[in-house]
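Here, each number is a calculation from the coordinates, and none is a lab measurement. Small disclaimer: the values here were computed from a predicted structure and weren't measured. Heads up, the Cβs are rebuilt from the backbone with ideal geometry, glycines too, and the neighbour counts pull from every protein chain shown.
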Amino acid sequence: MKQTLATLVVGTGGRGLVEITTPVRRFVAAACIATGLLTLWCRHSSASSLVQENADPDVRADLEAFLARLAPEAPGRYRHDAEGPDDMPAHIRAALTQTQLSVPVAQGRPVLGTWQGIYLWEHRVAAHRREVVLHLIGA
């Protein structure tokens, strides 16, 4: 068994989904592990990671609109607002989504469906520098 670990730094432009499929694929290819399991870990409590459709941008817009209804920015609604009105809604969004993903690797590539991409989902309004830890184990 071999394993490798790296940190992917992702710049966001503020709230929304940032596709990271290409750098994740490069990491897997460079590891020279044909069969294994890739774990992605988002190191933040106000951002998340997910596998989602990458063909139609309306899917991402609809996801964002849905979470905006579930966790609205509303002054006075939340006790925790230390970093502004988007702070607690961002934590709720991250709690409802995922901070960790497991993706199988076969023939040296992440096993994704035809229309699937890997995303970092920024839940804060301002741009941030986020880190996603990539760990691949296999043979």
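Quick one: net charge around Tyr119, please, counting Lys, Arg +1 and Asp, Glu -1 for every other residue with C-beta under 12 Å from its C-beta. Walk me through the numbers on the way to the answer.
Values: positive: Arg60, Arg130; negative: Glu19, Glu53, Glu64, Glu122.
Spelling it out: positives minus negatives among the neighbours equals -2.
How big is the equivalent ellipsoid of the chain along its three axes, where each semi-axis is √(5λ) from the Cα gyration tensor, reported in whole Å from largest to smallest? Before the final figure, lay out the partial values.
Numbers: eigenvalues 183, 48, 25 Å².
Semi-axis lengths for the chain are 30, 16, 11 Å.
Which whole-number percent is the relative contact order of the chain (Cα, under 8 Å, 6+ apart)? Don't jump to the answer; show the numbers that get you there.
Numbers: 283 pairs, mean separation 77.3, N = 139.
After rounding, I find 56 percent.
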